Amino acid sequence: MDRRSFIKLTAVSGTTAALASCGNPEHQLIRFVPDEDIVPGQAVWKPSVCPLCPSACGLTVRVMGAEADVVRNGKAGVVQILAAKKLEGNPEHPVNHGGLCARGQAAIQVTYHPDRIAQPLKRTGNRGVGSYEAITWDAAIAEVVAKLNEIAASGKAGSLAFFGRSGSSYRNALIGEFLARFGAPAPMSYDLFGDDVLRRANAVSFGVAQLPTFDFAQSRYVLNFGSDFLGTWNAPVSQSRAYGDMRQGRRGVRGHFVHVDSRLSQTGASADEWVPIRPGTEGVLALGIAHVVIRDKVRPAVADRATAAIAGWKDGLPDYAPERVEEMTGVKANRVERLAREFAGGPSVLPQVRTQPGVAVIGGTALAHTNGLFNALAINALNALVGSVGVPGGLAFTPQLDILAAAKMTGRPTPAASLRQWAADALSSASSVQALLVDGVNPVFTAPRAWKLRDALAKVPFIVSFGSFLDETSVMADLILPDHSFLESFTGAVPESGSAMAVVSAAGPVMKPLHQTRATTDVLLDVGRQLEKPIELPWQTFEEMLTASFAALPAMTEGSDAWTDAQEKGGWWGEIPAAVRLKPDTASPVRLKADTTSVVSGLSRTQPEFDGDAAQYPFHFLPYPSNQFLDGSTAHLPWLQEMPDPLTSAMWSSWVEINPATAAKLGIAQGDVVDVTSAHGTVQTAAFLSPGIAPDVLAMPAGQGHTTFTRYASGRGANPVDLLAPVTEESTGAVAWAATRVKIARVGDGDGRLILFAGEFREHQEHGR
Amino acid sequence: MPNWGMAVDLDRCTGCGACVTACHAENNISTVGAEQAARGRAKHWIRVERYWEGDFPDVTLKFRPVMCQHCDNAPCEPVCPTYASHHTPDGLNAQVYNRCIGTRYCANACPYNVRFFDFFNPSWDKPLHLQLNPDVSLREVGVMEKCTFCVQRIKATTIAAKAEDRELKDGDIQTACAQACPSRALVFGDLSDPESEVSRLSRSPRGSKLLEDLGTKPKVAYLSKDA
Amino acid sequence: MAHPPHQQINRDLLRPLIQTSWRFYVLVALPAAVVLTGLVSWFSQMYFGFGISGIRWPIFWGFYVTNFVFWIGISHAGTLISAILRLVNAGWRRPVTRCAEVITVFALMIGAMFPIIHLGRPWLAFWLFPYPSERLIWPNFRSPLVWDFFAINTYLTGSVLFLFLPIIPDFAVVRDRATGIRQRIYRVLALGWRGTPKQWHRLETAMQIMAIAIIPVAVSVHTIVSFDFSMAPVPMWQTTIFGPYFVAGAIFSGIAALLIAMAVLRKVLHLEAYLHPLHFQNLGKLLLVMALLWGYFVFNERLVTYYGNGPSEMAVFWRTQRESFAPLYWTMVVCNFVLPLILMGIRRFRTITGCVIASIGVVIGMWLERFLIIVPALGHKYLPNSFATYRPRPVEIIITAATFAAMMLLYALFSKVVPIISIWELKAGEHTPPELIPPATEEHPLGELRL
Ligand code: SF4
Ligand code: SF4
Ligand code: SF4
Ligand code: SF4
Ligand code: SF4
């Protein structure tokens, strides 16, 4: 008698519940003959690409035999399949060099998620209820074709809308081409924590609408304005590796790291010095530093460059004397002077330590204000001032492949409206929107409530989702055509940053589809072909598109071709032929464009504005992308839910961070239930007392608070987006997600909703004797 | 005979937690869910400790990844009545799940609190089970589990090397956590080879051992931020 | 100290065996119900998983191990006490020894359950036993748990013998009075006792040997139990004082248990004529001595820690002294020290009621002591990141309650089938037989020492 049956036996005498437990279903299963030839216990490694964020890290996937449950002609059974077992960083990949973040590790659970949509679904109940029935692919595609024909016939092709993913990828290129040929506007992509402000600023400053790549490995001084470059921002894995080398990669040299932010983020936690600053005044501090650098001629070379490179700075930014900067930013004047000397590499309070090259970084919260562009331009100018642009240890821009050129695409879709504008139109009485296609994004969850996106969707007559999960947006769809998971499909993306040389992350499928799903790219091609006015794209399948497009790139190895190489190595990297390189080119070293300063000084808005009056809403509200869930797109992965948060050790929870002194004043204790209220909404969550946050700031991680997003995320925690004011950065229209004011009120004692892994947060506890 | 050990460079560690998830992925560690996690049943063979120092505004935060230190003088070993927790010739503190009867004595004896107990039969919502690593045995209710230094990887690579009869090179064997670590804070290797990177790091003046004064002879070196 | 005449003795002491009143059924039914609930709880713990208990990372021992140490402690009541009293030939011991020895046997049986109940995989408990197996794996003899296994088994065997030997003549008495099936059963148990001088002599010699042999065993048992803790590098566990500290505590709680048992028997079985206030006073004095000894050990343990001032030790120290566990800690001090000192120290209070109150206090206090040794330390072990607190869950509370019920139940059943006071020893106390036992006289209430 084995142990289990022994437990059961004892249980029978102990509990009646045991009656249900007899018999072990596995034993009734039939074993089917596998349709792949599998060597048991033999692992093979195949390359792939992490889909969870735009930095598109390279993966090496361990593939082995595994027993999957299947139904064959009505009989349930198990069959051996070749299944992905473990995602590992691709050591050769120029972005992540074999490293992988926690999210990348957990990405495999996307493929094996128990609540993944396994076949096409057609809505049966009301929208948002989530009741669907299974239908065949043919029927599903026929419905889409019919609708598109109808739209085309009505001559309102422009009324077809598409919610797409951000970033440069072959997938997006194909979608864009499809829409262009159909006559619809380009896909709308919306990222709550997107960096459009910085792209715009870089376009102004350097002529490159792109996020920078930092050479931390060779920096000696990093001055970070609010970015979470070691956690979630830009290319975290690439940056983390470089950071490690900056600290300990060089014999006898240890780079210095200063973090400027109103909150000590996960990234800030690694800093040597934290400079708490009044939210939104980062640009002012940067100009204050520039002021001192020029005034004191900290380094003659620098002073010269100031006058030479930066027209309009000859007078040395008189408005930004340290004393004024102190008034505006709350950073002490002498501290401003010290930082300036350290950063510019002059004689500093860091004795015998050279601090050049140094680099200033801006991202995240510093951009998320109504004056985000000003902040970004100021920091760009500061970098130019100390000459850290396009030099070792400074910032540069990863050469980009022009996919459209590489794929020889002709169509240029009409530019898309902003999501906010689109929602407004859709809600207006004269709404022309007839159909919406959603490519696995979830803006309903992340867009400010004031945009009424959900109501807008409710008014759209026909919605198709290609998503794999029933999230807040998919649940509004009439038709769900589930995509393959990334491990089951061809992928190709161009990382925007994180590598010195040009990179294309690409790979083929590593395993057969687990469910009755189809690659969205192929579905679109199929639909295109079936239309009355067929859209004849030059390829039958997405694979053909990749094969064709890679022809534009040189082979990486002798006697091979780029596409074969890419499928073996998990991507292509090297020197991009000029013909397919994205213009305008970033001829290194990047020079600061002369007009930047005029823009800086010309900017109407240098001070941030906040929604909600300070008397009624005394706190700045600082939502931030969660290290586990980003904006919420990975909240459905159990490994990430149970992974302790870096700063709080919280699992399966959400919380609001509050300064202990403030909490004491309000009688709020660790774990207490609190209401956080803005002029636009209220969320109820647990309080976490953190000494790493300014007394007048409340911070809250995004990602939780899903109403529907699989068994693991639904109804868990609260979503800070519910509080956000619809204020935007004026010049780009990007959401100024750090510009909302809130108040907080204690509701009651902790009710266990805040689950912490750590017991204590102080190592040395003093007990008086 | 190799002597496996690890070095953790606290100056590189950013607290990102990739190692934690990597360990779950490699070693078939089941998630326990919110309710059980709240009852202290979460199993993280490697955890990233975080400690605040000072108060606003002069506050700093220290991260410290802690996994089994594979003590050469391991308190968890002599107390185990069944030899489930025992030392291997190559310096690992091995845990034989099938021999463990669940007295949890070893966990009390472990000063680092890195031993975790299966309070229930681990389960995976299908088809999440397809991810399970066939090289790592699943645990039953009532047994202790802990960091093994990814012994399955050590064995596989060693056997492979033998088959191709070549010497193991430093870096041939990587634990899942070290492999994932974006900032290269974790370095695994053979301490008996003075040239290996882990030996070199362990000799660093920045290096120290955790709770060394207890005489457990831990084999994980922690390299402090400041030299 | 006059006892009733022989016929009277037989009548009184055999009554419980002959007559069965409704009170007996109640006395059996109630605890039986609780014990049953306890069993169900344990089985469901095995069925659903150990997780239904409150045990958590990193506090891996809680109520169960507390109960283990507690009951093994209680078991020092009988054998040790009665053995010592026999050796010093205290005449007044005669009515007391048996109910003491019974406590030992049952407390051991109950205590020995807990190492199994608290196992993650109890069905493999036999792996602690060094049997020749195809796995060719013997238990790890370096592990204190294996020492426990042997110590407890030895002690249990010894105590059973020590209890059984002196019952033989009484079985004979019952045999001679019983009829039918009962007579046959008692005949077997009496092992053909005829009361010949040879038999008497052998019995006495055997008793002497057992009395001497059982004392070191009893001492070793709780020393080894204390090793379960002092062998692990846990703050406040690693201390050399644990051996004697645990033994003293054990005897302390043992005496308390004995006093309670005696008082109950006296009432329920109307043994006023046999269990005199003198017995309670004498044991009460013993309780007082042990209370002082316990106080000394605790003071010693605490003072050394306080002076040593090791950071991890002090964390645990303050946790019990003035933080979360302080209320329990000071309750323990009152129960184990203040209460016995007052009630047993002042003659006026050293009455039967006084003894019972003090004893109940001591039993509670000693249970708390074990709990406070285990839980605060495990929840405060070195790395603050893993500090935690433990809350028992219903299954642990029920099982704990069930063990107390089990004690009542077993005791009730035992006193139903065996005279709870040793008939022959009582008689032997009256006239001077050839044996070594001297009579207790008024001037020598404790009898004269004759070793
Ligand atoms: S950074 Fe993390 S999530 Fe983003 S692509 Fe790389 S591994 Fe994936
Ligand atoms: S993965 Fe590396 S950097 Fe991240 S927490 Fe673990 S050790 Fe630290
Ligand atoms: S760290 Fe703990 S578990 Fe690991 S060997 Fe040392 S004592 Fe044993
Ligand atoms: S829990 Fe298992 S491994 Fe630990 S001591 Fe008990 S039997 Fe040994
Ligand atoms: S070495 Fe292996 S088992 Fe140990 S923590 Fe790292 S991944 Fe987990």
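Matching residues to (1) crowded, with 20+ Cβ neighbours inside 10 Å; (2) within 30 Å of A:LEU285 (Cα to Cα); (3) out of contact with any helix residue (DSSP H, G or I) (no Cβ under 7 Å at 6 or more places or on another chain):
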{"site": "A:VAL361", "(1), (2), (3)": "yes, yes, yes"}
{"site": "A:THR365", "(1), (2), (3)": "yes, yes, yes"}
{"site": "A:ALA384", "(1), (2), (3)": "yes, yes, no"}
{"site": "A:LEU395", "(1), (2), (3)": "yes, yes, no"}
{"site": "A:THR398", "(1), (2), (3)": "yes, yes, yes"}
{"site": "A:ALA407", "(1), (2), (3)": "yes, no, no"}
{"site": "A:GLN421", "(1), (2), (3)": "no, no, yes"}
{"site": "A:LEU437", "(1), (2), (3)": "yes, no, yes"}
{"site": "A:VAL444", "(1), (2), (3)": "yes, no, no"}
Just give me the residues in the range A:45-57 being more than 7 Å from ligand 1 (Cβ to nearest atom) and either within 13 Å of chain B (Cβ to nearest Cβ) or among the aromatic types (Phe, Trp, Tyr) (or both), in sequence order. A:TRP45
On the given criteria, is C:ILE346 of a type outside the set (Asp, Glu), surrounded by fewer than 21 Cβ atoms within 10 Å (Cβ to Cβ) and at pLDDT 95 or above? no
Does A:PRO91 satisfy the condition of being away from ligand 1 (no atom under 16 Å from the Cβ) and either surrounded by fewer than 22 Cβ atoms within 10 Å (Cβ to Cβ) or farther than 30 Å from B:ALA156 by Cα (or both)? no
Of the residues B:ARG206, B:ARG166, which is of a type in the set (Lys, Arg), more than 15 Å from ligand 2 (Cβ to nearest atom) and touching a residue at least 24 places away in the same chain (Cβ under 8 Å)? B:ARG206
Identify, from the list A:GLU730, A:GLU760, the residue that is open to solvent by 50 Å² or more (accessible area, probe 1.4 Å) and within 14 Å of chain C (Cβ to nearest Cβ). A:GLU760
Among the candidates B:ARG166, B:ARG203, B:ARG184, which residue alone is of a type in the set (D, E, K, R), away from chain C (no Cβ under 14 Å) and either within 16 Å of ligand 4 (Cβ to nearest atom) or crowded, with 17+ Cβ neighbours inside 10 Å (or both)? B:ARG184
Working only within the range B:116-158, note down all residues that are out of contact with any helix residue (DSSP H, G or I) (no Cβ under 9 Å at 6 or more places or on another chain) and within 16 Å of ligand 2 (Cβ to nearest atom). B:PHE149
Any idea which of (1) away from ligand 2 (no atom under 16 Å from the Cβ); (2) under 27 Å from B:TYR97 (Cβ atoms); (3) not hydrophobic (A, V, I, L, M, F, W, C) is the one B:GLY189 doesn't satisfy? (1)
Matching residues in the range A:196-244 - criterion: being within 14 Å of chain B (Cβ to nearest Cβ), farther than 19 Å from A:LEU582 by Cβ and either in a loop (DSSP other than H, G, I, E, B) or at pLDDT below 95 (or both): A:SER227, A:ASP228, A:PHE229, A:LEU230, A:GLY231, A:THR232, A:TRP233
Scan the range B:26-69 residue by residue and report those that are within 16 Å of ligand 2 (Cβ to nearest atom), facing chain C (nearest Cβ under 10 Å) and open to solvent by less than 10 Å² (accessible area, probe 1.4 Å). B:HIS44, B:ARG47, B:GLU49, B:ARG50, B:TYR51, B:VAL66
Scan the range B:93-114 residue by residue and report those that are under 20 Å from B:MET1 (Cα atoms) and surrounded by fewer than 23 Cβ atoms within 10 Å (Cβ to Cβ). B:ALA94
B:GLN131 - would you say it is away from chain C (no Cβ under 11 Å) and either within 14 Å of ligand 3 (Cβ to nearest atom) or of a type in the set (Phe, Trp, Tyr) (or both)? no
B:THR21 over 30 Å from C:SER226 (Cβ atoms), at pLDDT 95 or above and either open to solvent by less than 10 Å² (accessible area, probe 1.4 Å) or more than 10 Å from chain C (Cβ to nearest Cβ) (or both): yes
Report yes if C:PHE317 is open to solvent by less than 30 Å² (accessible area, probe 1.4 Å) and either without any contact (Cβ under 8 Å) to a residue 24 or more places away in the chain or in contact with a Phe, Trp or Tyr (Cβ under 7 Å, 6 or more places away or on another chain) (or both), otherwise no. yes
Taking the stated definitions as given, is C:ALA172 without any contact (Cβ under 8 Å) to a residue 40 or more places away in the chain and over 20 Å from the mean Cα position of the chain (by Cα)? yes
Those helices (runs of 4 or more DSSP H) completely within the range C:48-149 that have 1 or more residues that are under 30 Å from B:TYR112 (Cβ atoms) are C:63-74, C:94-117
Given the criteria within 14 Å of chain C (Cβ to nearest Cβ), charged (D, E, K, R) and crowded, with 19+ Cβ neighbours inside 10 Å, does B:LYS146 qualify? yes
Being out of contact with any strand residue (DSSP E or B) (no Cβ under 6 Å at 6 or more places or on another chain) and within 11 Å of ligand 1 (Cβ to nearest atom): is that true of A:GLY104 here? yes
Anything in the range A:649-683 that is over 19 Å from A:VAL742 (Cβ atoms) and open to solvent by less than 20 Å² (accessible area, probe 1.4 Å)? List them, or say none. A:SER649, A:ALA650, A:MET651, A:TRP652, A:SER653, A:GLY671
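The values are calculated or read from the model by the stated rules, or taken from the named source; none is laboratory data. Given the structure is predicted, the values throughout are model-derived calculations rather than measurements. All Cβ positions, even for glycine, are placed from backbone atoms using ideal geometry, and neighbour counts span all protein chains on display. What goes into the accessible areas is simple: the full protein's heavy atoms, side chains included, and nothing from ligands, DNA or RNA. Shrake-Rupley method; radii C 1.70, N 1.55, O 1.52, S 1.80 Å.
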